[in-house]
Amino acid sequence: MKKSLLGLSLLVATSLGCASSLSGTWVADSTTADVNPIASVTFAEDGTYTAGAKYHGVARATSGVWTLNDGNLVLGQGKERRTYGCTVESDRVTLTFEGTTSVMTRMKK
């Protein structure tokens with residue numbers, strides 16, 4: 001029982017640590033805006049996100065859930081999931097998806 005509680009505590013602590021490193025509002029870097037459909041995104045500490053994106057020239061709002069583990073950011077919306085390679089360095093995040101890299105800057109926590 002103690003081992004299970006310790007494992008659960010470590011999992012929760014790790015998840016919260018990851019959440020706080022990405023939590024906040026981010027905007028696309030102008031140098032990579034053409035390859036990143038997400039113009040801005042807010043990652044909440046409760047594991048939800050809201051984003052403004054542009055797909056095929058059409059602006060739209062989206063929301064869902066997110067997780068960050070072992071350098072992978074998973075965005076979920078309903079049954080759909082999309083996994084990005086993710087590196088967070090202070091107030092800059094680098095996302096990689098299908099060979100394309102984009103950079104976002106944190107505007108507020």
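The values are calculated or read from the model by the stated rules, or taken from the named source; none is laboratory data. Predicted, not measured: the structure shown is a model, and the values here were computed from it. No Cβ is skipped: glycine too gets one built from the backbone with ideal geometry, and neighbour counts run over all protein chains shown.
Consider region 55-100. How many of its residues are among the basic types (K, R) and under 11 Å from the mean Cα position of the chain (by Cα)?
Matching residues across region 55-100 total 1.
Kindly list the number of the only condition in (1) modelled with pLDDT under 70; (2) over 19 Å from R106 (Cβ atoms); (3) crowded, with 16+ Cβ neighbours inside 10 Å that fails for K3.
Checking K3 against (1) modelled with pLDDT under 70; (2) over 19 Å from R106 (Cβ atoms); (3) crowded, with 16+ Cβ neighbours inside 10 Å, the one that fails is (3).
Can you confirm whether region 6-25 contains a residue that is modelled with pLDDT of 75 or more and more than 11 Å from the chain's Cα centre (by Cα)?
no
Tell me which strands (runs of 3 or more DSSP E) are completely within region 64-109 and hold 1 or more residues being aromatic (F, W, Y) and out of contact with any Asp or Glu (no Cβ under 7 Å at 6 or more places or on another chain), or say none if there are none.
Output list reads 80-89, 92-97.
Got at least one residue in region 41-54 being in a loop (DSSP other than H, G, I, E, B), modelled with pLDDT of 85 or more, out of contact with any Phe, Trp or Tyr (no Cβ under 8 Å at 6 or more places or on another chain) and within 17 Å of D91 (Cα to Cα)?
Yes, region 41-54 has at least one match.
Considering region 57-109 alone, what residues qualify as being surrounded by fewer than 16 Cβ atoms within 10 Å (Cβ to Cβ), touching a residue at least 60 places away in the same chain (Cβ under 8 Å) and over 17 Å from S21 (Cβ atoms)?
Once the filter is applied, which keeps residues that are surrounded by fewer than 16 Cβ atoms within 10 Å (Cβ to Cβ), touching a residue at least 60 places away in the same chain (Cβ under 8 Å) and over 17 Å from S21 (Cβ atoms), region 57-109 yields T100, T101.
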